[in-house]
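Visitor: I have a structure I would like to understand better, so I am pasting it below and will then ask my questions one at a time.
All of the numbers you see were taken from the coordinates with simple rules; none came from a lab. Predicted model, so just to flag it, every value in this text is computed and none were measured. Note that we place each Cβ from the backbone using ideal geometry, even for glycine, and neighbour counts take in every protein chain shown.
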Amino acid sequence: MGLFLLMLVPLASAEIGIGEVSGLYNLADFINVEVYLGANFETFGFLGGFLVCNGQEIEIHKSVQALMQGESKTVVFDVV
């Protein structure tokens with residue numbers, strides 16, 4: 001019975017995809033990243049983006065996202 005119930009529970013409530021990002025940036029370059037969000041069922045939570053360089057971490061985006069079942073959207077991170 002326990003195994004059967006486990007199989008009915010979705011493995012993830014949402015999917016996240018990150019658009020193409022150039023491999024190398026220089027100081028003062030403009031960074032634009034598209035993030036795709038998709039929900040398997042109603043989902044609500046925070047979406048955060050971080051820039052990591054030489055072990056230093058800087059938060060570049062934070063927002064509250066809510067998606068209904070089957071809904072998807074694209075969020076854009078613009079950083080200068």
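Visitor: I'd like the full set of residues that are acidic (D, E) and either surrounded by fewer than 11 Cβ atoms within 10 Å (Cβ to Cβ) or touching a Phe, Trp or Tyr at 6+ places or on another chain (Cβ under 9 Å) (or both), limited to region 64-80.
Guide: D78
Visitor: For residues that are part of a loop (DSSP other than H, G, I, E, B) and among the small types (G, A, S), scanning just region 18-63, find the one that is surrounded by the most Cβ atoms within 10 Å (Cβ to Cβ).
Guide: Restricting to residues being part of a loop (DSSP other than H, G, I, E, B) and among the small types (G, A, S), the top hit is G19.
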